Amino acid sequence: MTRRVIVTGLVIVTGLLLQSTLFWQFKLLGVRPELMFLVTIVVAILEGPQEGATTGFAAGLAQDFLLNQPKGVTALTLTLVGYSAGLARQYIVSASPLLPTILVAVGTATGVAFYQVVAFLLDQLQEPFAFAVRVTLLSALYGAILTPIVYPLLRRVIEGSRPTRVVRF
Amino acid sequence: MAIRRRPRSTRLLVVTLVSISLAVITLDYRQRDSGPLAIAGDAAKTFMAPLQEAVTTVTQPIGAFFSGLAHLPSLANDNERLREENAALLTQVQVDAAQQVELQELVDLLDLRDALDPQAVAAVVTANGVSNFEYTVTIDKGSADGIELDQPVAAGSPDAQMLVGRVVAVTAVSAEVLLIIDRDLAVAATIGDTREAGLLEGQGASDLRMSFFDSGTLVEGGEPVFTQGYELDGQSGVYPPGMLIGQVSRLIPSENETQQYVEVRPAVDFETLRFVLVLQTPGSA
């Protein structure tokens, strides 16, 4: 359990570091990837809705603390994204290797749109509608492009941090 | 039994996390810059600042290399020569060129400090905001170096003193600068030749938008836009007067006779901004 918490924490900090440094130079048509969405959805796919929601909450809160906007909006968004992605994975019976990519794209697009609606209702977002749609679609596309690289890496890390079960007879 | 109880516990967990998120939003909305959440935010930024600086130091050459590769088509002459060299040498050339640019930027910054404010603090941009909807940069100087809230931030050279933004958050070892392109930032400005005054507001990824105090203003494209000094109740404005903000890029036809707007392209290239100067004497340069 402790090992899982440390590993998840390290993954979140690494994601935030890369998002605020390296990916500033690697934008896709002016838009950065939403790495916290990517991490949350991948964890949800691998571990289910409970882990997805918890990781989403932690990742969202960590990102919120680095923003100057009201804290909690990203945490709320990613909690719901993690739970929904984990739930969706349980109901979709498919062995297609494209499934994680599709789930990341759809989850990121829905989550970013939800975030913008909440931020708009709190009077914290005044971006034009066209820009909001552009960021939603491009961040989803960027997430989908990164999934084939990030998914196997995270799967390895997460599976390595699973507690080993001891069966006693 | 156990199978039926598991989804319920997951739903309970989600409801709890959503409730905590809503409580955090409400609490932060009420307390803003004071209270435990603001302290936690400062602690998170203090924790991340040295890590961001380290990652930037490591990844900067990688970014410069790929950025250089992206610009190779426009460097046709250099291409001929570089094509004969191997990949290692190509990398070295890119790194050297980046270092020359950095050196020139630092020399310009020193000259700018002498010209603008000898007490100003030079800083390195170590990171950028984590959101696609917030336009900030993190610098490697904080309250321990004399950085305070609302201090103006500049870049460029004595010949081109350019406004970057304003300090909006400070920790002991780092500070966050809200860029002039952010929607939460507004600057009193004048158009170069006409000296007509107006209010310049950030538009995010788009050019800045300037509305005029006088509706009959005649403006032409390409005219430079500068910060305007003012004094209100004996207090001078945040930004020193005469700093370059950008050039008029588009005239927007007015929908009514009382409103007139122009778009202004910022002079600073925020994508490549590396060094800045935090002015210690706001409004008095």
To the nearest 0.05, the calculated FRET efficiency linking B:Ala205 and B:Leu251 through their beta-carbon distance, R0 being 30 Å, is 0.90
If R0 = 22 Å, then B:Thr272 and B:Ala160, at their Cβ-Cβ distance, give a FRET efficiency to the nearest 0.05 of 0.90
Between B:Thr126 and residues 5 or more places away or on another chain, the pairs with built amide H atoms under 5 Å apart involve B:Thr138, B:Ile139, B:Asp140
Here segment B:160-175 yields Karplus 3J(HN,Hα) values (6.51, -1.76, 1.60; θ = phi - 60°; whole Hz; Gly and Pro given as x) of 9, 7, 10, 7, 9, x, 9, 6, 10, 8, 10, 10, 5, 10, 8, 8
Over the protein assembly as shown, the sum of -39500 (n - 2.57) across DSSP H runs of at least four, divided by residue number and rounded to 500 deg cm²/dmol, gives at 222 nm -17500 deg cm²/dmol
In nm, the gap between the two label points placed 7 Å beyond Cα toward Cβ at A:Asp123 and B:Gln100 is 5.3 nm
Two pseudo-spin positions, 7 Å from Cα along C-beta at B:Arg195 and at B:Ala43, lie apart in nanometres by 5.4 nm
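To the nearest 20 debye, what charge dipole does the protein assembly as shown have about its Cα centre, counting +1 at the Cβ of each Lys and Arg and -1 at the Cβ of each Asp and Glu? Could the numbers behind the result be given before it?
Working: 31 positive and 45 negative charges, 763 e Å.
I would put it at about 3660 debye.
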With x for Gly and Pro, the residue-by-residue ³J(HN,Hα) of segment B:97-109, computed from phi through the Karplus equation 6.51 cos²θ - 1.76 cosθ + 1.60 at θ = phi - 60° and given in whole Hz, is 4, 5, 5, 4, 4, 4, 4, 5, 4, 5, 4, 4, 5
Taking a crude spin-label model, label points 7 Å out from Cα along the C-beta direction, the A:Leu98 to A:Ile149 distance in nm is 2.2 nm
Total charge of the residues flanking A:Gln124 in space, meaning their Cβ is under 14 Å from its Cβ, with Lys and Arg +1 and Asp and Glu -1, is -4
Place a point 7 Å from the Cα of B:Ile20 in the direction of its beta carbon; the residues of segment A:60-77 whose amide N falls under 13 Å from it are A:60-62, A:72, A:75-76
Amide H neighbours of B:Gly242 at under 5 Å, excluding residues fewer than 5 places away on the same chain, with H built from the backbone geometry, are B:Thr227, B:Gln228, B:Gly229
The extension gain from B:Ser34 to B:Val107, computed as 0.36 nm times the residue separation minus the Cα-Cα distance, is 22.4 nm
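For segment A:108-169, state which trypsin sites (Lys or Arg not before Pro) are in a DSSP loop and have at most 10 other beta carbons lying within 10 Å of their beta carbon.
Values: sites: A:Arg134, A:Arg155, A:Arg156, A:Arg165, A:Arg168; in loops: A:Arg165, A:Arg168.
The qualifying sites are A:Arg165, A:Arg168.
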FRET efficiency for B:Glu85 and A:Arg162 from the Cβ-Cβ distance with R0 = 60 Å, rounded to 0.05, comes out at 0.80
The helix A:2-20 Cα axis meets the longest alpha-carbon principal axis of chain A at an angle in degrees, between 0 and 90 and rounded to 10, of 30 degrees
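Bear in mind these aren't lab numbers, they're just calculated from the coordinates by the rules spelled out. Worth saying up front: this structure is predicted, and the values here are computed from it rather than measured. Please note: Cβ atoms are built from the backbone with ideal geometry, for glycine as well, and neighbour counts cover all protein chains shown.
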